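Reviewing the structure listed below.
The values are calculated or read from the model by the stated rules, or taken from the named source; none is laboratory data. All values reported here derive from a predicted model rather than from experimental measurement. Quick reminder, even Gly has a Cβ in these numbers, built from the backbone with ideal geometry, and neighbours come from all protein chains shown. When the accessible area is computed, the model is the full protein with side chains, heavy atoms only, and any ligands, DNA or RNA have been set aside. Shrake-Rupley method; radii C 1.70, N 1.55, O 1.52, S 1.80 Å.
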Amino acid sequence: MKKIVVVGGGASGLLAAGQAALSGADVLLLEKMKKPGNKILISGKGRCNITNDSDVHNHLSHFNRSGRFLHQAFARFFVPHLMEFFTENGLQLKTERGNRVFPANGKAQDVLHTLLRWLQQTGAKVECSKAVTGLHIEDDRVIGVFCGNQQIAADAVILATGGASYPATGSSGDGYNMARNAGHTIVPVRPALVPLVVKNHLQSLAGLDLRNTGVRVFVNGKRKKVEFGDLSFTRSGIGGPVILTLSKFVIEQLDKNRQVSVALDLKPALDDHKLDARLQRDFSTRHTEELQSVLRGLLPKQIIPLCLEQTGLSSTMLAGTISAKERTILKDWLKNVSFEISGYRPVREAIATAGGIKVKEVNPNTMESLIVQGLYVTGELLDIDADTGGYNLQAAFSTGWLAGRSAATSS
């Protein structure tokens, strides 16, 4: 029986271990943390966005340039297979806006429990608190792993250690060093989906969530990107799904020393004419009320002080006394509140990392290294990253499934 060691108990590692065991191999999964799947538990804000119920073309359009590497993995194990896998193993799913798939009860913990229960049924063994410190390679072939002074022999090794984000969950970048020491080229690792830092950010906005917000990114004063979605203010700037989607582009521009700003459209459903009509109606029907009171019908209370400060309007002025010019100033602010971006949060706070093992050094049909025979790599270790929406987890599951099958069945 072929002996396979899987290094890392995240999404791709769990699926790889189970598939290898189902394919007839003797499988040992080594996880350095006390329990496997810690990053699964925090994904999707504790709800776990498992995948995106859309076609291959849509998935690949959300990945970086290296995303086409995933064609073969997706051809073998894709969204329908993954959703069927979970439902057959007792986890009910639901599809939300943007085709995002979650567990029906919204609990990431049940996703992990389903995976671990299935893994136990496959016969794969799991050892936790077992940190792999290196690969044992002889004559360009992996023959095992090192755990400190201990050597564990293997016919094949699946490296599924994850990226470098959220190191407290176990994803601390160990796999990059192992792959580099094995001879692989590592594309510089950087945050891919991460909150942005705003210059002169107001701490008072921290914790404020804005739904259905239009976001425009300006680079050196020119509009370059437009997105729409939910946004959150953090202690240092802005985050949330729409900002995470834009963050990789913003990071690339900042790293080229370009000036970046973000303009928010707080009323994207109303064009200038309709918004002006709405303001006239509100000011007319509530003409005896103070502006700060009328604004509560237009804005979250938390952001009203910023609105008044940046427009120069008095909080106590009566709505009926507001001039057409002042109304235009308010309308323009609602459609174009702007923030200068001064940086981004570190990779340890990123949902996903960009960079990693160069995909040209990995066989897309099997996930086996083209540098070291018997070594397979999966998930975020590869130089593939995608927008939010379930795409990254699907890539982890698909590459894990393919690596597990390939490692067990290769001659």
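The percentage of C-alpha pairs in the chain whose separation is greater than 37 Å is 32%. Summarising the strand pairing of the chain, around 75 percent of its internal DSSP beta bridges are antiparallel. In this structure the amide hydrogen of Gly144, modeled in the peptide plane, comes within under 5 Å of the amide hydrogens of His136, Ala154, none closer than 5 places in sequence on its chain.
Quick one: Cα centre-to-centre distance for the range 11-27 and the range 51-75, in angstrom? So the two Cα centres are separated by 23 Å.
At a threshold of 8 angstrom on Cα-Cα distance, excluding pairs fewer than six apart, so keeping six or more, what relative contact order does the range 244-319 reach in percent? So the answer I get is 28 percent. Let me know the shape class of the range 107-183, please: from the alpha-carbon gyration tensor, a ≥ b ≥ c as square roots of the eigenvalues, rounded when a/c is under 1.5, otherwise prolate if a/b is greater than b/c, or oblate. Oblate shape, in that a/c is at least 1.5 and b/c is the bigger or equal ratio.
In whole Å, what three semi-axes, largest first, describe the equivalent ellipsoid of the range 189-289 built from its Cα gyration tensor (square root of 5 times each eigenvalue)? Working through the eigenvalues yields semi-axes of 30, 16, 12 Å. Remark: the chain carries 44 Å² of accessible area per residue (probe radius 1.4 Å; ligands, DNA and RNA excluded). Under 1.5 on a/c is rounded, so check that first for the range 1-138, then, if it is not, pick prolate when a/b is larger than b/c and oblate when it is not; a ≥ b ≥ c are the square roots of the alpha carbon gyration tensor eigenvalues. Judged from the Cα gyration tensor, the range 1-138 comes out prolate (a/c at least 1.5, a/b above b/c). Classify the range 1-75 as rounded, prolate or oblate, taking a ≥ b ≥ c as the square roots of the eigenvalues of its Cα gyration tensor: rounded when a/c is under 1.5, otherwise prolate if a/b is larger than b/c and oblate if not. Note, shape of the range 1-75 comes out oblate.
Surface composition of the chain: carbon and sulfur atoms hold 47% of the protein heavy-atom accessible area at a 1.4 Å probe. The range 186-238 and the range 339-411 have Cα centres lying 25 Å from one another.
When the alpha carbon coordinates of the range 134-254 are projected onto the principal axes, the ranges are 55, 29, 24 Å, largest first. Reducing the range 100-150 and the range 260-321 to their Cα centroids gives an inter-centroid distance of 53 Å.
If you take the alpha carbon atoms of the range 252-405 and fit the smallest convex hull around them, that volume is 169 Å³ per residue. Based on alpha carbons, the Rg and Dmax found for the range 314-411 are 25.5, 83 Å. Taking 1 over the mean of 1/r across every pair of different Cα atoms in the range 38-104, what Kirkwood radius in Å do you get? Evaluated over the range 38-104, this radius sits at 12.9 Å. The mean of 1/r over all pairs of different alpha-carbon atoms in the range 59-196, once inverted, gives a Kirkwood hydrodynamic radius of 18.3 Å.
Counting Lys and Arg as +1 and Asp and Glu as -1 over every other residue whose Cβ lies under 12 Å from the Cβ of Ser129, the net charge comes to +2. Couplings for the range 343-350, taken from phi via the Karplus curve 6.51 cos²θ - 1.76 cosθ + 1.60 with θ = phi - 60°, read x, 8, 6, x, 4, 5, 9, 7 Hz in order; Gly and Pro are left as x. Counting heavy atoms of the protein chains alone, Thr409 has an accessible area of about 100 Å² for a 1.4 Å probe.
For the range 170-239, the Kirkwood estimate of hydrodynamic radius, built from reciprocal distances between every pair of different alpha carbons, is 15.3 Å. The helix-only estimate of mean residue ellipticity at 222 nm for the chain, built from DSSP H runs of length n ≥ 4 each weighted as -39500 (n - 2.57), is -10000 deg cm²/dmol after division by the residue total.
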